[in-house]
Amino acid sequence: MKYAIAFISALSGLVSLCAQTNKNDLPKTQVSKAPKSQVAQKPAQKPVQKTVQQPVQKPVQQSVKKSVQKAAKNAALPTFSKNPAVAEFIKYMVANHKFDEKFLAEQFAQINPNQRVLTLFRPTPPSQTPSKPIVRSWKKYRAQFLNTGRIEGGANFWLENAATLKRAYDQYGVPPEIIIAIIGVETLYGQHTGGFSVMEALASLAFHDPRRGDYFRGELEQFLLLSRENDFEPLKIQGSYAGAMGIPQFMPGSWRKYAVNYDGDNKIDLLNSVTDSIGSIGNYLKAHGWQKDEAVAHQAIISGKAKEAWLKVGILPGLKTEELAAQGLKTAQKPLEIAALIDLPTPGQPTEYWFGYQNFYVITRYNKSSYYAMAVFQLAEAIRLRVNQ
């Protein structure tokens, strides 16, 4: 959804993108007004094409990588029609997925490399990386999402969709407030789902981002398959600058793998259906290991300074909290047996430390950032408290 997930990168320099993994495996972006794309109800027609004798290899060979890296270094980016990496990608789609070569060529001819997408996705080019690391600020990041508007909006969303949220909890074990908070962080409850051409954004990153081109070529492949399956017109679908789509901001691969038809209308519509979006987020989190009724995180109380070895364990829970307690790292609540130590620094202020459990880790599968997961968790708690007042 499950590559979440980088407008934050442009605004605060805080996102560590690892980015649809998906989505959702990517950092999510600040986006403009939601598109009005409609999902067609007719099944997609297979395009007519010439018979292909043998499938070709997926275009992630060295020749493609070199073409992408060379193009990324050029100030004037070549059009997709003149890019040999695009031509090889088209051949792959024809041979392995039976696409019509002329159709794909026409689609690529109508879009161009989007420099704004490339700049937003990676604000500092590799050749200009500053010698000093980017200073993160948890307080600044948190303030973007923990505010009255998002809390009140989340409470209203809960009241309007209570039955669907309860069904998702019963089926997937994910509490309503977590699903609501993800939608609140991603798209402000569906109000801002993206103003970029998804195909153009994905193609720009697929063929002009030297570090994650392989990933985005895979997502471009998934997007074209998704468009054919749902009878989308590829060039009309809009989303984030990283290619995430719809109310929950799923990357194409996550849409195809984890999205569900939750409103019973025989189609999956994350662009317009709140019900499908709720069910799909629940399914995504459960598939990534959500544990029903288990804690997400507890704030840690530390005596002295955190040990570097604790932090090096990473975000996947791998520390025994009983042993940590013996070394002066505790919580006010009863901790779970295994945790990760999450550090949330703010310049000029004491660093916050939290025990992150399995469910905290699962939220980072939506967007691989501890800041993102903590913002979702704390917004969820605030919404729950507001509803229960």
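The values are calculated or read from the model by the stated rules, or taken from the named source; none is laboratory data. The structure presented is a predicted model; accordingly, all values stated were derived computationally and were not measured. Positions of Cβ are backbone-derived with ideal geometry, glycine not excepted, and every protein chain shown enters the neighbour counts.
Select from the range 327-359 the residues that are crowded, with 21+ Cβ neighbours inside 10 Å and touching a Pro at 6+ places or on another chain (Cβ under 8 Å) and list them in ascending order. Residues satisfying the conditions are 339, 340, 355, 356, 357.
The condition (being modelled with pLDDT under 95 and not in a strand (DSSP E or B)) is satisfied by just one residue among 336, 379, 311, 316: 311. Considering only residues in the range 262-306 that are in contact with a Gly (Cβ under 8 Å, 6 or more places away or on another chain), assigned to a loop (DSSP other than H, G, I, E, B) and among the hydroxyl-bearing types (Ser, Thr, Tyr), the one that is nearest to residue 248 (Cα to Cα) turns out to be 262. Quick one: how many residues across the range 166-196 are surrounded by 23 or more Cβ atoms within 10 Å (Cβ to Cβ) and more than 21 Å from residue 362 (Cα to Cα)? Result for the range 166-196: 3.
Results for (1) assigned to a loop (DSSP other than H, G, I, E, B); (2) modelled with pLDDT under 50, shown as yes or no for each residue.
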site	(1), (2)
43	yes, yes
67	no, no
72	no, yes
75	yes, yes
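Residues checked against (1) modelled with pLDDT under 95; (2) touching a Phe, Trp or Tyr at 6+ places or on another chain (Cβ under 8 Å); (3) under 25 Å from residue 87 (Cβ atoms); (4) assigned by TED's automatic domain parsing to the domain that holds residue 203:
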| site | (1), (2), (3), (4) |
| --- | --- |
| 222 | no, yes, yes, yes |
| 246 | no, yes, no, yes |
| 249 | no, no, no, yes |
| 271 | no, no, no, no |
| 276 | no, yes, no, no |
| 285 | no, yes, no, no |
| 289 | no, yes, no, no |
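A single member of 138, 158 is in contact with a strand residue (DSSP E or B) (Cβ under 9 Å, 6 or more places away or on another chain) and over 23 Å from residue 210 (Cα atoms), and it is 138.
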